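In what follows, a single structure is set out as structure tokens and then discussed.
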Amino acid sequence: MARLPYVKTYDLRGTVPDEISTEVAYRLGHALPPWANASEFIVGRDARLSSPSLAQALVDGLVEAGARVRDIGMVSTPMLNFAVARRHCHGVMITASHNPRQYNGFKIIDPSVEQVYYGRGLEVLEHALVHADPQPAAARGRVIVDNILGEYGDHLTARFGAEPLGSLLVVLDCANGVGALPLGVLERLGVRHTLLYHVPDGAFPNHGPDTLRPENLAALRAAVPAAGADLGVMFDGDADRIAAVDERGVPLPPEALVLLLARAELTRSIGTVFYDLRMSRALRDEIEKLGGTAVTLRVGNPFYKEALHRAPQGLLGAELSGHVMFAEHHAIDDALYATLKLLAALARGGPSLSQRLAPLARYARSGEIRIETHTPEALVAEARAHYADARIGEIDGITVEYPDWWFNLRASHTEPVAKLVIEAASEAALAARREEVLGVLAASPQSKDPGRHRLREKGSCP
């Protein structure tokens, strides 16, 4: 069966209405109860302009299929996950996360608070979407209006109420997404804060909701030093990703967030930190120095949730894209929870945020380099053969390690692109290794046929 264009690796997502439509939402609602062998579902939605109609169509399908629906309205994805943890049933979040406004989609969460993905049930659901003939159940389901905001706020207040959070000033950019909905908890915790673009607006009138795009951080970068704040944080459209800037307005690399959070966690309890295999080896050095166990994982936030749920001493998981999750919080990737954790770590005293990150300066990093090719897997195989004398890991693509430098090369899950990250002991060594690896890939037989294997370096991002 050919893949449906809107069925992605970790969710259903596409442009509205040509890929994601009310018909797709209705069929999904009909397909979910038999697929999950379940009769109760939580439904939440983000602030996108298409979300209300998609939510209604999804609920209609669920009810006609005989399911009871807990409608929790407009929420962040972490709030939907929290509701799943509290209500112990499946959840569906209508969101396109960090994508532009013309996109929307569905994230499906199972009762263990783990995201359904391709290879873990999403492929079966795709088959049902294609082949099922929606027929009304013998008995219709019903809709219950539920509210999770109060419970979620109480949970955060109980967890962080004893922390001296009032000593810091933070600027929060909500990108006109849903991240501001639970921010009343900041008043309850005494957190001094300034808000940017906190009114939900699915047109995203001020800037896009993607935390990885540098232009979306421009307002935050200016606001933090202007306010004399200690740090600034941006949430993505559904508030499950975080980006941060220091007191100077300088963006923090994702490794910096994980370094600060891992230090705080490991001072409380020795355990395991799971982090993205593309992150700096400085993380491994620091985690192990503090007595923790450092474990790299493949790209994809669902894998970190699974690892934290299964590890007896799992503490923290983090992906390069800004998904940060804690075992104590049901392994939910929650930008607000991560922000409160970061504030708590900084409030315990010590130098400024920028001064705490010196360990990361011991290595030079390339950022992620995108290489356009029709056959990214073939390039990965070519690099594996060329660097056969190295220590090679194959968690996701290949990670080639030498004593003084390493690189990861992997095929994108969503586009004809190979992605390369290189780290070395110095800027000079990085420049030399970057030229070397790109030269190896350019000389590959896979790059010789311009009609099928056109290879082009597209650029890099931090």
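Let me check I've understood the local charge: for residue 203, count other residues with C-beta under 10 angstrom from its C-beta, Lys and Arg +1, Asp and Glu -1. What total comes out? Taking every Cβ under 10 Å from that of residue 203, the sum is +1. Placing unit charges on each Cβ (+1 for Lys and Arg, -1 for Asp and Glu) gives the chain a dipole about its Cα centre, and among 302, 431, 25 the Cα reaching farthest toward its positive end belongs to 431. Helix content alone sets the calculated 222 nm mean residue ellipticity of the chain: runs of n ≥ 4 DSSP H residues at -39500 (n - 2.57) each, divided across all residues, give -10000 deg cm²/dmol. Averaging the sequence gap over all C-alpha pairs within less than 8 Å and six or more residues apart, then dividing by the number of residues, gives region 17-83 a relative contact order of 42 percent. Shape of the chain from its Cα gyration tensor (a ≥ b ≥ c, root eigenvalues): rounded if a/c is under 1.5, otherwise prolate when a/b > b/c, or oblate? Cα axes put the chain in the oblate bin. In the chain, a dipole from Cβ-located charges (positive for Lys and Arg, negative for Asp and Glu) runs towards its positive end, and of 165, 186, 65 it is 165 whose Cα lies farthest in that direction. Between residue 412 and residue 86, the distance separating the two model label sites (each 7 Å from Cα on the Cα→Cβ line) works out to 3.9 nm. Between amide H atoms placed 1.01 Å from N, distances below 5 Å from residue 236 occur with 241, all of them 5 or more places distant or on a separate chain. Charged side chains reduced to their Cβ positions (Lys and Arg at +1, Asp and Glu at -1) give region 37-193 a dipole of some 240 debye around its Cα centre.
Helix hunt in the chain: which complete DSSP H runs extend at least 30 Å axially by C-alpha with mean Kyte-Doolittle at least 1.6? Helix filter hits for the chain: none. Computed 3J(HN,Hα) for region 399-416, one whole-Hz value per residue from the Karplus formula 6.51 cos²θ - 1.76 cosθ + 1.60 where θ = phi - 60°, is 10, 9, 10, 10, x, 10, 6, 7, 8, 10, 10, 9, 7, 4, 7, 10, 8, x, glycine and proline marked x. Modelled this way, with points 7 Å down the Cα-to-C-beta line, the labels at residue 431 and residue 167 are 4.3 nm from one another. Note on residue 268 and residue 222: the extension gain reaches 13.1 nm, defined as 0.36 nm multiplied by sequence separation minus the Cα-Cα distance. Between the amide H of residue 293 and those of 271, 272, 273, distances stay under 5 Å, these residues lying 5 or more places away or on another chain, with hydrogens modeled in the peptide plane. Measuring r between the beta carbons of residue 352 and residue 147 and using R0 = 45 Å, the FRET efficiency lands at 0.70. For region 168-178, 3J(HN,Hα) computed residue by residue from phi via the Karplus equation (6.51, -1.76, 1.60; θ = phi - 60°) reads 10, 10, 10, 9, 10, 9, 8, 6, 6, x, 9 Hz, glycine and proline entered as x.
Computed from the coordinates by the stated procedures, all read-outs in this text should not be read as laboratory data. Since this is a predicted model, take the numbers as computed values, not measurements. Every residue, glycine as well, gets a Cβ built from its backbone with ideal geometry; the counts of neighbours run over all protein chains shown.
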